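Trainee: Take a look at the following structure, please.
The values are calculated or read from the model by the stated rules, or taken from the named source; none is laboratory data. Just so we're clear, the structure is a prediction, and the values are computed from it rather than from any experiment. No Cβ is skipped: glycine too gets one built from the backbone with ideal geometry, and neighbour counts run over all protein chains shown. Remember, those area values only see protein heavy atoms, side chains included, never the ligands or the DNA or RNA. Shrake-Rupley method; radii C 1.70, N 1.55, O 1.52, S 1.80 Å.
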Amino acid sequence: MASLSVKPGQRFTLPDWQNNAHRISADAEHQRSTSHHIRQEARALRNDTGNQARWDECDTRTRLKDRITSVDRWREVLARCLTDIDLEIDALTKVKDAAEDALQAKNLCLDVAIECLTFRESRRDIDVVRDPVEEELHREVKVIEKTKKELQQRVDEAFTQLCLLKETRQQLSCDHRHKVEALELDRQCLSFNVTSGNISFKVNPTRIPDGTTALREWELNSQCNKDRADAEMKASIDLRGAIMLTIAQTNNELEAQRIATEFALRKRIRDMEGALSELRWQEKNTLEEIAEMEEEIRQLEEDLRKRTLDLKVAHTRLETRTYRPHVELCRDQAQFGLTGEVQDLEAAIRALQQKRTESQNALDALYRQLHRIQTDIGYKTNSLQLDNKCMDTRRKLVIPVEKFDPEVDAVNRTRNLPRNSQLELA
């Protein structure tokens, strides 16, 4: 008799079916509600972020424009200062040249006075008298020498002031150049927009770069540069007036200073020779110690190599004994001895390595000290040569001018400074 086949598996009831349909419908309603809520929040967020981005960008552009205006104003101030300081440098250079010309012009007067005194030394017998003419000639020599000394001091002051003006101008020029570069960069930043071709993500763009300064510090730096330029220009103007006054009024006594200078120079040469002798003795001893230390390091490295080979042997023995079969693999006295030997060798190697490091550090310190000594010897040798040259040059004071072309003027005893020389600052 045939039977009705029944599909195997679980069968649900009609309420289960209905409940499932209701649940699916409820879930769909809930998901749509959730999606609608999220869409509303997303729309609000887009509006908020869009408005905030536009506001921030507008605020940034305003800040950049204000910054450009501020930097450009300081650039103009610094440019005017540069123009003024260039004019002052030129004016002070001309006054300095005038002082040097006045100093050089005194040579003829001094030569004539000295020649007259020399002639009068040829007098004989009763005519060798200290009369008013001789007294006036001596007084003239003293007056001329005093004038030359004060003029030379003014020339040195003018040279120093020119150095300060050049240094100040260099700072102003550097500050002006930096502001021009900053203006170019800020204007470039102002020109950027979302369609610019060179915009991209950067690594940590909000970082504070090294060397960043505060706004107050930036303002103070520019103000200090301007104030210093004003102060140096005022000092230069005052010095120019003093130099012109000195050209007309000053007098000097130079011979005593020359003697004192030569005395100090001789003493300096003696001191320099003593210092060089001591340094050469130190150099000799240091070189000997370096040779001994290098030999000691070689011995340490040789011992370290030997101990390393011994340690390899001990390691190899220990490793080989690990292959003893079964009960033979016991911790016997040989094993203890090898273990102790390895520990002792490792400790010895560490100690040798430490001592080698210490020795190498000491050798490096010796080489550094040797370099310092040799550098100092070079400095002092050069200074001694320069001092001896100074002595040789000063000995030329007693040689007739026509027999040599001195670096130091024989009568004027001042530096032959070039006209319109540009002062180079490091």
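Trainee: For THR160 and ARG321 in the same chain, what is the full-extension length gain: residue separation times 0.36 nm, less their Cα-Cα distance, in nm?
Mentor: Details: separation 161, 0.36 × 161 = 57.96 nm, distance 8.44 nm.
That pair, THR160 and ARG321, stretches by 49.5 nm at full extension.
Trainee: For the cross-link pairs LYS148/LYS234; LYS106/LYS149; LYS65/LYS179; LYS65/LYS226; LYS106/LYS142; LYS306/LYS355, which exceed 18 Å when the distance is taken from alpha carbon to alpha carbon? Write out the running numbers ahead of the final one.
Mentor: Working: LYS148/LYS234 26 Å; LYS106/LYS149 11 Å; LYS65/LYS179 15 Å; LYS65/LYS226 24 Å; LYS106/LYS142 12 Å; LYS306/LYS355 15 Å.
From the list (LYS148/LYS234; LYS106/LYS149; LYS65/LYS179; LYS65/LYS226; LYS106/LYS142; LYS306/LYS355), the Cα-Cα distance tops 18 Å for LYS148/LYS234; LYS65/LYS226.
Trainee: Find the accessible area per residue for the stretch 177-216; the probe is 1.4 Å, ligands and nucleic acids are left out, and the unit is Å². Don't skip to the answer; put the middle values down first.
Mentor: Details: 3600 Å² over 40 residues.
Computed with neighbouring chains in place, this is 90 Å² per residue.
Trainee: Stretch GLN369-SER25 to full length: gain in nm at 0.36 nm per residue minus the Cα-Cα span?
Mentor: Numbers: separation 344, 0.36 × 344 = 123.84 nm, distance 9.11 nm.
Going from the current span to full extension adds 114.7 nm.
Trainee: Now for a different question. Pop a pseudo-label 7 angstrom from the Cα along the beta-carbon direction at both ASN204 and ASP303 and give the gap in nm to one decimal.
Mentor: Inter-label distance under the simple model: 4.7 nm.
Trainee: Okay, next question. Using a 1.4 Å probe on the protein heavy atoms only, what accessible surface does SER70 show? Give it in Å² to the nearest 10.
Mentor: 20
Trainee: For an R0 of 45 angstrom, estimate the FRET efficiency from the Cβ-Cβ distance between SER33 and THR212 and round to the nearest 0.05.
Mentor: Calculated value: 0.30.
Trainee: Report the full-extension gain for the segment TRP17 to ASN51: residue separation times 0.36 nm, less the Cα-Cα distance, to one decimal in nm. Before the final figure, lay out the partial values.
Mentor: On the way: separation 34, 0.36 × 34 = 12.24 nm, distance 5.10 nm.
So the chain would gain 7.1 nm between TRP17 and ASN51.
Trainee: Within the stretch 74-89, list the residues whose amide N lies under 19 Å from a label point set 7 Å along Cα→Cβ of VAL180.
Mentor: 74-87
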